Amino acid sequence: MAVVCSKADWFVSSCSSTLVAINLKESREPFVFDCAKAEKKPKEADGDDKSAGDGPEEKDSDRILAFAVSASGKHVALTDDHKRLVLFGTEPSWQCISTRWVVRRCTSLVFTQAEDEVFVADKSGDVYSFSVLEPQKPGQLKLGHLSMLLDVTLSPDDKYIITADRDEKIRVSFRRSPYNIQAFCLGHREFVSALLVPAGHPDWLLSGSGDGTVKVWHYETGRRLHSADLRQLGFDSENSDTEQRFAVSRIISSPDGRHVAVQCERFPSVQLFMVDSGTEGCLNPAETLTLPLAPWDMTFDSQSQLWVLLESEDLNVLLYRYSEQHWKLCHSETPELRRVTEALQTQWNVFQGSVGLESQFKHLYKVNFDNMASYLQKKQERLEQETKKRAAANGSKPNKRSKTESDAVPQNTS
């Protein structure tokens, strides 16, 4: 699956084993990094890792699992299937600063606002911190969940680490002492797949889930402020077969804090909300963008323009601008749109392998068992077996009553 993020002047996308970075302001060659050519793990470290019990490693797989861009756009970090954590600097030109190793395969990355640390969430439920200022320093374990982590983010003041897991829980922990839990945000009925502290509202948390809802929280207290069910907005009207697989895959907010965009996996549309300027955390449905194809991912740039990445070589990206109270597709070929389109077409061989891949959330849904039906079926089978045993036992014994009655029958003397 392809992922995209825009910070400062950079439009960064990853797919398969390749990271592509495009400068939106200058006509420069895109920076391309292939994890297949990255530094390999030392054999002794690889042996130690296998003893950690993460299971057999996929051979020849350098797929990028997650990447993050710092707020200033000066640092980028990625992690791949070989458990590498690669740190880049983007100024004055792109360069690989360090390659370190994580313990488990990762699901999400986030930089602190101070850009001195990057936090890594993994599949075993742990969060590690890696120093940016000391790029060779090993990671430190910060906290752990009992189930797989799907997303991690930080409060704008770097005070709290906010983590979301497969078991519907959102935990708010102190960054400096993560063993101290500030609050839980509970209310989703399926795994929590996306987290966002929206721009302009540093005390709010937006969360998306496999239950098809977006919720707004006051995360310091764990109080729910608002909930929006995307099914009620018509997301499932076109394809009823996806009713049981209706997962929010991305939540983003514009830099000016006025707009929130929500994407659901495998749906060819994007839902836009207007953010209420009050304190009650209300999201007002504003507009639904109908797309020609289901999008891979989306991002806002520094000018609050919405970029949507599509699964198509001919039409690989769409650009929307907010004008006259509506989101309008940019039909004119602006310089930044031309740069992105041409760079993605040049690298299309990288993206082509991810077209039509199965759902990344397919195995995360809860499996419901009808225990009562199974119990009644087994009970009926047991009763039938007992009835057969009693019938067989009765058939092997002489019937005393029938024998007595036969003796009492008088003889016919005629």
The range 260-342, relative contact order in percent, only Cα pairs under 8 angstrom and at least six apart counted: 17 percent
Taking the dipole about the Cα centre of the chain, with the C-beta of Lys and Arg at +1 and of Asp and Glu at -1, give me whichever of Leu376, Leu306, Thr90 is farthest to the positive side. Leu376
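In deg cm²/dmol, rounded to 500, what helix-only [θ] at 222 nm does the chain give when every DSSP H run of at least 4 residues adds -39500 (n - 2.57) and the total is split over its residues? Don't jump to the answer; show the numbers that get you there.
Working: 5 runs with 59 residues, N = 414.
So the calculated ellipticity at 222 nm is -4500 deg cm²/dmol.
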Excluding the sites themselves, what is the longest stretch of the chain that contains no GluC sites (Glu not before Pro) in a DSSP loop with at most 10 other C-beta atoms within 10 Å? 27-279
At a probe size of 1.4 Å, how large is the accessible area of Leu364, to the nearest 10 Å²? 20 Å²
Along the charge dipole of the chain, Cβ charges K/R +1 and D/E -1, which of Ser108, Pro156, Tyr320 sits furthest on the positive end? Ser108
As a quick test, which of the pairs Lys83/Lys169; Lys137/Lys159; Lys366/Lys388; Lys83/Lys362 have an alpha carbon distance above 31 angstrom in this structure? Lys366/Lys388
More than 39 angstrom apart: percent of Cα pairs within the chain: 26 percent
Note down the nm distance, to one decimal, between modelled labels 7 Å out along Cα→Cβ at Ala391 and at Arg338. 8.7 nm
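Would you tally the net charge around Asp157, using a Cβ to Cβ cut-off of less than 15 Å, leaving Asp157 out, and scoring K and R as +1, D and E as -1?
On the way: positive: Lys159, Arg175, Arg176; negative: Glu115, Asp116, Glu117, Asp158, Asp203, Glu220.
Around Asp157, the surrounding residues sum to -3.
By how many nm would the segment from Asp9 to Thr346 lengthen if fully extended, with 0.36 nm per residue of separation less the alpha-carbon distance?
Values: separation 337, 0.36 × 337 = 121.32 nm, distance 2.02 nm.
That pair, Asp9 and Thr346, stretches by 119.3 nm at full extension.
Could you order Thr387, Thr334 so the one with the most accessible surface comes first? Probe is 1.4 Å.
On the way: Thr387 75, Thr334 15 Å².
Ranking Thr387, Thr334 by accessible area, largest first, yields Thr387, Thr334.
At a threshold of 8 angstrom on Cα-Cα distance, excluding pairs fewer than six apart, so keeping six or more, what relative contact order does the chain reach in percent? Walk me through the numbers before you get to the answer.
Values: 872 pairs, mean separation 39.9, N = 414.
The value is 10 percent.
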From highest to lowest solvent-accessible area (probe 1.4 Å; ligands, DNA and RNA excluded), Arg390, Arg105 read Arg390, Arg105
Please report, as a whole percent, how much of the solvent-accessible surface of the chain comes from carbon and sulfur atoms (probe radius 1.4 Å). 48 percent
With all protein chains present, calculate the accessible area of Thr18 using a 1.4 Å probe and round the result to the nearest 10 Å². 10 Å²
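Multiply the residue gap between Leu141 and Arg231 by 0.36 nm, knock off their C-alpha separation, and tell me the result in nm, one decimal place. List each step's numbers first, then the result.
Numbers: separation 90, 0.36 × 90 = 32.40 nm, distance 3.87 nm.
Contour length minus Cα-Cα distance gives 28.5 nm.
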Give the residue from Thr346, Ile22, Gln140 lying farthest towards the positive end of the charge dipole for the chain; charges sit on Cβ (+1 for Lys and Arg, -1 for Asp and Glu) and the dipole is referred to the Cα centre. Gln140
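State the dimensionless ratio Rg/Rh of the range 81-129 (Rg: radius of gyration of Cα atoms; Rh: Kirkwood radius). The partial results should precede the final answer.
Working: Rg = 11.7 Å, Rh = 11.7 Å.
Rg/Rh for the range 81-129 comes to 1.00.
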So how do Val355, Val260 rank on accessible area, 1.4 Å probe, biggest first, that is with the largest at the start? Val355, Val260
Using a 1.4 Å probe and ignoring any ligands, DNA or RNA, find the accessible area of Cys96 and quote it in Å² to the nearest 10. 70 Å²
I'd like the distance separating the alpha-carbon centroids of the range 296-321 and the range 99-129, in whole Å. 27 Å
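Under unit Cβ charges (Lys, Arg +1; Asp, Glu -1), what dipole magnitude, rounded to 20 debye, does the chain have relative to its Cα centre? It would help to have the intermediate numbers written out before the result.
Values: 50 positive and 59 negative charges, 416 e Å.
Using only the charged Cβ atoms, the result is roughly 2000 debye.
What is the sum of charges around Asp116, taking Lys and Arg as +1, Asp and Glu as -1, for the other residues whose C-beta is under 11 Å from the C-beta of Asp116? List each step's numbers first, then the result.
On the way: positive: none; negative: Glu115, Glu117, Glu134, Asp158.
Residues close to Asp116 contribute a combined charge of -4.
Normalise the Cα radius of gyration of the range 242-381 by 2.2 N^0.38 Å (N = residues in it) and let me know the number.
Working: Rg = 20.2 Å, N = 140, 2.2 N^0.38 = 14.4 Å.
In units of the 2.2 N^0.38 Å rule of thumb, it is 1.40.
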Which whole-number value in Å² is the accessible area per residue of the range 208-351, probe 1.4 Å? 44 Å²
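The values are calculated or read from the model by the stated rules, or taken from the named source; none is laboratory data. None of the values given here were measured: they were computed from a predicted structure. We place every Cβ from the backbone using ideal geometry, glycine too, and count neighbours over all the protein chains shown. Just so you know, the surface numbers come from the protein's heavy atoms only, side chains and all, with ligands and any DNA or RNA stripped out. Shrake-Rupley method; radii C 1.70, N 1.55, O 1.52, S 1.80 Å.
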